[in-house]
Amino acid sequence: MKRIAVLTSGGDAPGMNAAIRAVTRLAIAQAWEVFGITQGFAGLIAGEFTPLGQRDVGGIIQRGGTMLGSARCLEMKTEAGQHEALRQLRAQAIHALVVIGGNGSQQGSHALSQLGFPVVGIASTIDNDLYGSEITIGVDTALNIALEAIDRLKITASSHHRAFLVETMGRNCGYIALMAGIAGGAEAIAIPEIETDPEQIAEDIRLAYERKKPHAIVVVAEGAKYNAEGLIKYFKAHKERLGFDVRATILGHVQRGGAPGVFDRMLATRFGAGAIDCLARGESDVLVGLLHGTIATTPLGEVVTHEKPLNLSMMDLANALAR
Ligand code: F6P
């Protein structure tokens, strides 16, 4: 009988629980034993294993966050940490590990694989910046939360003829800002991938007023050269000349804490099933993701050495639609 372990690592993402549930129940269906590791790689290094049965993962599919807890673990970046993680897995006689997480987490997965331990990664991060999957667990729910905030801000912005900056998460990736900006009908979008001049954003706001729009919404990614803080500083310094005032809302972790929508529950369930299929056919050192709309695997060595490009033609679309 195989004994497998599962952990969630890095920033939590809505849908992680659905993935844990699928991994657990489908592994048990193979007559394997399943162990949950709490607090990501930090818990692995500390030897925090808990047996998971079918009922232990009941009632979690609709819950955001992760029932196993998560952490960012600097120790896993060191050789000593990686060897200790391996020692703990061997001490518990675990045959394979499933790691649900994003970029940093899959580096840990690949490091363990290189030490000879079978690991399968599941693509999960709200940032959607992970090579090897068109879309990752949590993105859709986080986007819907950002969108709801934009829609609400537009209402108050219209009442007051105000300009609003909405800052979204995404680390160095502009995906959330770009998609939420297009879907939310933003007048301007600032992302890290394209250097944006604050004067251009000011011009976009001015043009929106000139076109008799009752509001101006600027969606800005946290990783943009000028994020909300930078833009507010700039607009304050040039308020007299620009002739308008801007208010800012930083969405922050609110975007991560939602209950997963149907898309994330399904994606996570399919990824969980995909991970068990991989282990059943003896495939490891791979990431389970969505490629061309189907569940597919990509070697972790490739995942951790490639960046996922953002489709920048979407920015042209956003600009054309903002007119
Ligand atoms: O990677 C997910 C993410 O939410 C990023 O968008 C953000 O930059 C980061 O995590 C925040 O990290 P933490 O939760 O550790 O503050």
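The values are calculated or read from the model by the stated rules, or taken from the named source; none is laboratory data. All of these numbers come straight from a predicted model, not from anything done at the bench. With ideal geometry, Cβ positions are generated from the backbone for all residues, glycine too; neighbour counts draw on all protein chains shown. When the accessible area is computed, the model is the full protein with side chains, heavy atoms only, and any ligands, DNA or RNA have been set aside. Shrake-Rupley method; radii C 1.70, N 1.55, O 1.52, S 1.80 Å.
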Any residue in the range 129-156 that's within 16 Å of ASN311 (Cβ to Cβ): show its pairings with residues that are part of a helix (DSSP H, G or I) and open to solvent by 10 Å² or more (accessible area, probe 1.4 Å) at Cβ separation under 6 Å, as long as the two are six or more apart or on different chains.
LEU130/ASN103; LEU143/MET179
Please determine whether any residue of the range 109-130 is surrounded by 24 or more Cβ atoms within 10 Å (Cβ to Cβ), in a loop (DSSP other than H, G, I, E, B) and in contact with a strand residue (DSSP E or B) (Cβ under 6 Å, 6 or more places away or on another chain).
yes
Tell me whether the range 6-29 contains one or more residues that are touching a helix residue (DSSP H, G or I) at 6+ places or on another chain (Cβ under 6 Å) and within 13 Å of GLN88 (Cα to Cα).
no
Return the pairs, sorted by first residue and then second, in which the second residue is at pLDDT below 95 and assigned to a helix (DSSP H, G or I), the first residue lies in the range 273-288 and is on the phi > 0 side of the Ramachandran plot, the beta carbons are less than 6 Å apart, and the residues are 6+ apart or on different chains.
none
Pair list, Cβ under 9 Å, 6 or more apart: the range 207-226 residue within 20 Å of GLU195 (Cβ to Cβ) and of a type in the set (Phe, Trp, Tyr), other residue at pLDDT 95 or above and in a strand (DSSP E or B)
TYR226/ALA190; TYR226/VAL220
Just checking, does the range 258-276 include any residue being within 26 Å of MET16 (Cβ to Cβ) and polar (S, T, N, Q)?
yes
Return the only residue of ALA80, ALA27, ALA42, ALA85 being modelled with pLDDT of 95 or more, within 16 Å of ALA268 (Cβ to Cβ) and in a helix (DSSP H, G or I).
ALA27
Please find, within the range 160-180, the residue that is surrounded by the most Cβ atoms within 10 Å (Cβ to Cβ) out of those that are under 21 Å from ASN144 (Cβ atoms) and more than 16 Å from the ligand (Cβ to nearest atom).
LEU165
Mind checking which residues of the range 51-77 are open to solvent by less than 30 Å² (accessible area, probe 1.4 Å), in a helix (DSSP H, G or I) and within 15 Å of SER9 (Cβ to Cβ)?
MET76
Any residue that is crowded, with 17+ Cβ neighbours inside 10 Å and within 16 Å of the ligand (Cβ to nearest atom) - is there at least one of those in the range 196-218?
no
For the range 72-104, which residues satisfy the criterion of being farther than 24 Å from ALA22 by Cβ, within 16 Å of the ligand (Cβ to nearest atom) and not hydrophobic (A, V, I, L, M, F, W, C)?
ARG72, GLU75, LYS77
